[in-house]
Amino acid sequence: MTSHVLVLNTGSSSLKYRLLDPGSGETAAAGLAERIGDRSGVGVLTHTDAAGERHRSELDLPSHEAALSAALAAFDEHGPALTTSSVRAVGHRVVHGGDRFSAPALVDDALIAAVEELVPLAPLHNPANLAGLRVARRLFPEVRHVAVFDTAFHQTIPEHAYTYAVPIAWREEHGIRRYGFHGTSHRFVSERAAQLLGRPVGEVNTIVLHLGNGASATAVAGGASVETSMGVTPLEGLVMGTRSGDVDPSLHAHLHRQLGWSLEEIDGHLNRDSGLKGLTGQGDFRELEARMAAGDPAAQLAFAVCCHRLRKYVGAYYAVLGRVDAIAFTGGVGENSAVLRAAALAGLERLGIAVDAAANDAPSREARRISPADGEVAVLVVPTDEEWQIAREAQALLDG
Ligand code: ADP
């Protein structure tokens with residue numbers, strides 16, 4: 001086993017890892033540590049070995065260091081062995097790179113300080129990512145570490161698109177502007193979309209709809225992000241599992257005045273109790289589909305709100321791009337929900353956008369076209385693979 005990259009995605013209470021070949025994307029092992037820092041002292045580590053066998057253990061995971069140590073112990077016990085000759089690099093997902101990082105970067109003390117300075121812009125994500133960076137450097141001192149930022153792909157968005165119409169001092173002194181997220185996925189999917197069309201990515205304009213628990217839309221022109229739906233934070237834009245997406249920006253002030261809620265409370269409700277969860281009581285899309293099929297009116301309304309928002313963004317990004325070659329659905333919802341794909345794009349024939357019902361309904365895990373062969377805009381389903389993209393970018397940086 002040579003030249004694998006270990007990709008780490010550290011959340012506030014979880015650590016996801018995958019050891020993979022950056023050339024083929026093939027996974028050598030993967031795992032997930034959950035409930036890190038849980039006061040009950042019951043963390044869970046699930047490690048999938050090279051043969052695809054899953055090993056689950058319950059153990060105390062008081063810190064990210066304990067979680068990564070437990071993951072390394074699982075590699076020792078169940079394989080494959082991690083050696084400095086087999087692991088070429090550790091690739092880290094870092095959520096917010098602000099406007100300093102438009103490309104992957106080698107992790108050093110200066111990078112860690114920069115990620116720390118960006119904590120105010122990503123108070124939930126960057127501290128967890130920092131814990132991952134620090135712990136992994138301690139436990140893998142001989143291997144090079146590469147940070148890949150969720151925001152980096154969107155650094156090509158032009159100034160007129162990333163600038164909010166707010167006082168200039170907000171932007172200059174506090175970094176208030178659109179940053180966008182899910183960039184690693186949007187890049188991966190837009191490149192795969194061009195491959196599917198058999199055209200160079202530089203010639204293809206794509207609207208990527210990344211629809212998972214979090215959701216964002218991006219307009220990609222010739223391989224470069226030119227507009228995206230998430231903003232300073234990952235709250236703006238589409239309807240998500242528990243996030244509202246777009247609301248009137250005066251909503252905070254209104255709720256504060258009317259109900260006396262604090263900004264923290266309102267922010268919490270918009271991030272954790274809104275979206276599908278706010279509309280139906282739960283935020284899982286599969287569950288939403290089941291309730292819709294059973295005739296639940298709240299689920300039907302939530303679905304309609306979700307599709308209406310998507311259609312609005314598709315229309316807006318069509319106008320931004322001027323010409324659209326492909327629309328690509330990805331993420332757990334985008335890859336799996338045929339009913340959402342059909343409903344979100346219904347009625348857009350005049351824009352050259354149509355979905356072929358049989359192709360859309362046919363179950364598949366492969367990247368595929370679901371529009372009629374003569375459709376002007378290719379509608380695609382493209383399974384995303386953020387870890388593979390991170391591994392590829394880490395390798396490309398090290399190869400210079
Ligand atoms: P995350 O943003 O956490 O990475 P995912 O991309 O895994 O999330 O997407 C999770 C969402 O995808 C959930 O709402 C889940 O219900 C939905 N989903 C997964 N599989 C299906 C399916 N077969 N049909 C409809 N929705 C699905």
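The values are calculated or read from the model by the stated rules, or taken from the named source; none is laboratory data. The structure displayed is predicted, hence computed values, not measured ones. Heads up, the Cβs are rebuilt from the backbone with ideal geometry, glycines too, and the neighbour counts pull from every protein chain shown. SASA here: full protein model, heavy atoms, side chains in, ligands and nucleic acids out. Shrake-Rupley method; radii C 1.70, N 1.55, O 1.52, S 1.80 Å.
What the table below lists for this structure:
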item	result
Cα-based convex hull volume of segment 301-400 per residue, rounded to whole Å³	134
Gyration tensor (alpha-carbon) shape descriptor, segment 196-346, a/c threshold 1.5	oblate
Between helix 297-321 and the chain: long-axis angle, C-alpha atoms, 0 to 90°, nearest 10	90
Top positive-direction residue, dipole computed over the chain with Cβ charges, set Ala169, Ala328, Leu124	Ala328
Charge dipole (debye, nearest 20) of the chain; +1 at Cβ of Lys and Arg, -1 at Cβ of Asp and Glu	440
For segment 81-233: Kirkwood Rh in Å [reciprocal of mean 1/r, alpha carbons]	16.6
Cα-based Rg of the chain normalised by 2.2 N^0.38 Å, two decimals	0.99
Distance from segment 263-284 to segment 44-113 (C-alpha centre basis), Å	31
Neighbour net charge for Val7 - beta-carbon separation under 14 angstrom, K R +1, D E -1	-1
Largest-first ellipsoid semi-axes for segment 77-117, taking √(5λ) over the Cα gyration tensor eigenvalues, angstrom	28, 10, 10
Theoretical ellipticity at 222 nm over the chain - DSSP helices of four or more residues, -39500 (n - 2.57) apiece, nearest 500	-11500 deg cm²/dmol
Contact order relative to length of segment 297-396, as percent, for alpha carbon pairs under 8 angstrom and 6 or more apart	27
Centre separation in Å (Cα based) which lies between segment 358-400 and segment 297-350	17
Most to least accessible of Tyr179, Tyr318 (protein chains only, probe 1.4 Å)	Tyr318, Tyr179
Neighbour-limited loop hits for GluC sites (Glu not before Pro), segment 355-400 (at most 15 other Cβ within 10 Å; DSSP other than H, G, I, E, B)	Glu366, Glu376
Per-selection metrics, segment 221-297 (Cα): Rg and Dmax in Å	15.3, 48
Within the accessible area of segment 249-400 (1.4 Å probe), percent carbon and sulfur	54
Relative contact order %, the chain, counting alpha carbon pairs below 8 Å whose residues are six or more apart	14
Area accessible to solvent at Arg192, 1.4 Å probe radius, in Å²	70
Around Ala215: net Lys/Arg minus Asp/Glu count, Cβ-Cβ under 10 Å	+2
For the chain: accessible area per residue (Å², 1.4 Å)	45
Sequence ranges 282-295, 330-343, 207-220, 73-86, ranked by mean other-Cβ count within 10 angstrom, highest first	207-220, 330-343, 282-295, 73-86
